[in-house]
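For reference, the structure discussed in these notes is given below.
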Amino acid sequence: MIKLQNINKNYAQKGRKITALQDINLYVNSGEIFGIIGGSGAGKSTLLRCVNLLEEPDSGEVIVDGKSLLDLSTVSLRDARRKMGMIFQHFNLIATKNVFHNIALPLKLTKLSSKDIQERVQELLELTGLQGYAKAYPHELSGGQKQRVAIARALAHEPKVLLSDEASSALDPQTTRAILSLLQDINQQLGVTILLITHEMDVIKQICQRVAILDQGQIIEQGEVLDIFTQPKHAVTKSFVATCMKESLPSDILDKLHTTQQNSNDHPLLHLAFRGNSAVEPVISGLVKHCDVMVNILQAHLETIHGESCGAMTLSLENADKCDAAVDYLRKNGLQVEVLGYVALG
Amino acid sequence: MSPLVNATWETIYMVAISGFVAALLGGALGIILFLTAPKRALSNAAIHQSLGLIVNIARSIPYIIFMIALIPITRLIVGTSIGTLAAMVPLTLAAAPFYARIAESAFNEVSPGLIEAVTAMGAKASQLIWYVLLPEAMPSLIRGLTITLIALVGYSAMAGIVGGGGLGALAYHYGYQRFDAQIMLSTTAILVVMVQVLQWVGDYLAKKLSRRS
Ligand SMILES: Nc1ncnc2c1ncn2[C@@H]1O[C@H](COP(=O)(O)OP(=O)(O)OP(=O)(O)O)[C@@H](O)[C@H]1O
Ligand SMILES: [Mg+2]
């Protein structure tokens with residue numbers, strides 16, 4: 001549905017060249033929810049804005065629904081944009097117009113009769129759970145309700161694609177979940193393809209099927225969300241996964257962590273990631289028996305992503321000399337293992 | 001009709017008509033200045049800069065000089081350079097660039113995010129103006145219009161000296177040339193009331209139209 005090919009974009013800031021996007025290649029399937037995650041300044045907004053040409057890439061191709069947008073005339077580009085809804089972190093509603101007129105705005109841009117507009121707005125109000133709010137002004141609504149108005153407005157022309165720029169970042173966790181599940185409903189019931197950007201792995205985990213990790217203008221990793229969660233390759237990806245798995249170790253342990261063994265009684269620290277049915281408990285007790293090693297579980301976290309469980313665990317081994325055998329054993333049993341380092345515990 | 005009432009009506013008439021025309025002209029100029037700025041919907045450096053220069057030049061000439069310098073043009077437009085109608089030509093032409101800058105800054109206050117959202121909907125420039133820029137900037141536009149009208153009340157009094165009508169002319173002829181203190185005081189009082197009323201109405205409308213809390 002959306003295909004970005006070799007996209008490059010540079011900005012000039014005070015005479016300096018800033019590379020916002022570098023050789024971006026991305027393919028979003030029809031009907032999926034695709035997430036792009038990255039830190040501040042990674043280029044997420046720039047990338048999303050390239051999809052509807054709010055920002056024109058310096059080079060590359062933008063193909064949406066089979067049309068190459070850079071080849072379109074101004075008039076055809078306006079038509080193409082109508083088939084793409086867009087929502088934003090700060091909602092961007094018209095403060096001087098009520099909910100009805102905010103949602104009706106995109107419809108008024110085309111030659112629709114006021115009766116048709118009335119009907120369509122009514123449908124959209126119901127779809128987004130805003131019945132009864134038609135006459136309210138934006139300043140009278142909560143953040144979640146404002147985002148619902150923005151979503152209704154974005155869906156006015158029954159778009160095939162919805163672009164979301166940090167739509168839930170200004171909302172509290174509970175409202176975030178409600179807005180995300182609304183987006184999921186829209187995806188499942190109306191078949192709208194959603195491309196969303198976020199800096200929160202939780203958002204990706206909740207509704208995305210696939211994800212791309214953007215760092216300093218480049219896509220460093222992309223794939224199925226579950227794969228990225230259980231087998232992150234790049235350090236940046238790992239840190240995003242870790243924020244979501246609530247995996248930061250206590251600082252006193254981190255302070256004592258060395259990459260090499262310094263003392264004969266230092267304990268190796270292992271990080272395990274697992275998914276699905278590689279049920280982890282029997283493996284751990286197997287490890288104890290098979291390798292004759294004492295194990296200390298420091299941290300464990302379990303997640304369900306798209307109905308499949310996955311998780312991560314940090315443990316320390318009592319005997320450093322059994323480390324290689326233990327890693328072998330765990331890998332053979334289908335776990336992702338990484339030796340974080342050595343630490344003198346106790 | 002007493003000369004005082006007559007002069008008051010003339011002032012109201014001059015200010016209202018020239019204010020109205022200046023708001024239209026200046027508002028249009030303000031929109032063009034806004035939309036032709038870099039990175040905007042109709043960005044065009046040549047138009048933006050030359051219009052900006054014209055507006056700045058017009059604004060930097062003191063009104064009394066502007067009014068005299070414009071006499072030939074006034075004659076060309078209304079056939080005479082004396083009277084209320086003639087006074088309205090320089091009033092309008094001075095107020096329009098003044099209001100253009102006010103309007104431009106009112107449009108600059110409209111949230112760029114909102115403009116982006118509407119562009120993403122596939123809006124044309126004209127639709128952007130009509131559905132977003134004007135309604136969102138309306139409270140500021142009205143506050144700016146209040147300032148412009150009050151300035152026009154002051155300018156219109158100056159017009160009286162070079163043969164325009166209104167309270168300025170009255171104060172000049174009776175108050176200054178005949179030392180009629182009563183007329184002098186009355187015209188001043190009327191001008192004060194006029195400015196107060198304009199300010200009240202402007203504030204009220206601006207407040208009513210702005211839906212931010
Ligand atoms: N209009 C612009 N002019 C100059 N530089 C820009 C412009 N827009 C973005 N940039 C630069 O491009 C880079 C990427 O910006 P972008 O807004 O895409 O980041 P982001 O990932 O969306 O960040 P955030 O999470 O903070 O919104 C940044 O270094 C930014 O400073
Ligand atoms: Mg951003």
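Coordinate-derived values only; no laboratory data. These figures come from a predicted structure and were not determined experimentally. FYI the Cβ positions are ideal-geometry reconstructions off the backbone, even for glycines, and counts take in every protein chain you see.
Observations on the structure shown:
- Crossing angle, helix A:114-127 versus chain A [Cα axis fit, 0-90 degrees, rounded to tens]: 20
- Shielding score for A:80-87, defined as the mean number of other chain Cβ atoms within 10 Å: 3
- What the Cα convex hull of the stretch A:216-327 gives, in volume per residue, is 125 Å³.
- Semi-axis lengths, largest first, of the ellipsoid equivalent to the stretch A:1-146 are 32, 19, 15 Å, with √(5λ) applied to each eigenvalue of the Cα gyration tensor.
- Under a Gaussian network description of chain A, with springs only between Cα atoms under 10 Å, the residue in A:Ala212, A:Ala20, A:Ala12 that fluctuates furthest is A:Ala12.
- Measure of compaction for chain A (Cα Rg per 2.2 N^0.38 Å): 1.20
- For chain A, the residue among A:Leu21, A:Leu182, A:His139 whose Cα projects farthest onto the positive side of the dipole built from Cβ charges is A:His139.
- As a size descriptor, the averaged projected area of the C-alpha convex hull of the stretch A:179-256 was calculated at 6.3 nm².
- Given +1 at the Cβ of Lys and Arg, -1 at the Cβ of Asp and Glu and no other charges, the dipole of the protein assembly as shown around its Cα centre is 2260 debye to the nearest 20.
- Relative packing of peptides A:190-203, B:83-96 - highest average C-beta neighbours within 10 Å first: B:83-96, A:190-203
- Shielding by partners for peptide B:127-133, expressed as the average number of C-beta atoms from other protein chains within 10 Å of each residue's C-beta, is 3.
- Helices that extend 30 Å or more along their long axis by alpha-carbon positions and average at least -1.0 on the Kyte-Doolittle scale are, among the DSSP H runs of chain B, B:3-35, B:84-108, B:134-159, B:181-209.
- Most fluctuating residue given options A:Ile284, A:Ile151, A:Ile24, as computed from a GNM of chain A linking Cα atoms under 10 Å: A:Ile284
- Dipole moment magnitude, nearest 20 debye, the stretch A:3-127 about Cα centre, only Lys, Arg, Asp, Glu C-beta charged: 460
- Along the axis of the charge dipole computed for the stretch B:3-212 (Cβ charges of +1 for Lys and Arg, -1 for Asp and Glu, origin at the Cα centre), the listed residues B:Ile65, B:Leu133, B:Trp200 are led at the positive end by B:Leu133.
- Using the Cβ-Cβ distance between B:Ile77 and A:Ser181 with R0 set to 51 Å, the FRET efficiency works out to roughly 0.20.
- Partner aspartates and glutamates for A:Lys289 [C-alpha distance under 19 Å; skip if fewer than 8 residues away on the same chain]: A:Glu281, A:Glu318, A:Asp321, A:Asp324, A:Asp328
- Over chain A, Cα pairs under 8 Å with separation of 6+ residues give a relative contact order of 17 percent.
- Computed over the alpha-carbon pairs of the stretch B:1-82, the distance histogram in 10 Å steps reads 15, 31, 32, 16, 5, 1 percent, short to long.
- Over chain A, dividing the summed -39,500 (n - 2.57) contributions of all DSSP H runs of at least 4 residues by the number of residues returns a 222 nm mean residue ellipticity of -10500 deg cm²/dmol.
- Student exercise, the stretch B:3-212 dipole from Lys, Arg, Asp, Glu Cβ charges, in Debye to nearest 20: 300
- Those lysines that a straight Cα-Cα span of less than 28 Å connects to A:Lys205, excepting residues fewer than 8 apart in one chain: A:Lys3, A:Lys44, A:Lys83, A:Lys146, A:Lys160, A:Lys233, A:Lys238, A:Lys246, A:Lys332
- Radius of gyration (Cα atoms) of the stretch B:3-212, expressed as a multiple of 2.2 N^0.38 Å: 1.15.
- Simple rule: put +1 on each Lys or Arg Cβ and -1 on each Asp or Glu Cβ in chain B, find the dipole, and look at B:Ile54, B:Ser186, B:Leu149; the Cα lying farthest toward the positive end is B:Ile54.
- Considering only A:Val295, A:Val149, A:Val121, the Gaussian network model of chain A with Cα springs below 10 Å gives its largest mean-square fluctuation to A:Val295.
- A straight chain from A:Ser59 to A:Ser239 at 0.36 nm per residue would run longer than the Cα-Cα distance by 61.7 nm.
- Over chain B, relative contact order from alpha-carbon pairs under 8 Å, at least 6 apart, %: 28
- The mean number of Cβ atoms from other chains found within 10 Å of a Cβ in peptide B:111-117 is 6, as a whole number.
- Kirkwood-based shape ratio for the stretch B:52-153, expressed as Rg/Rh from alpha carbons: 1.11
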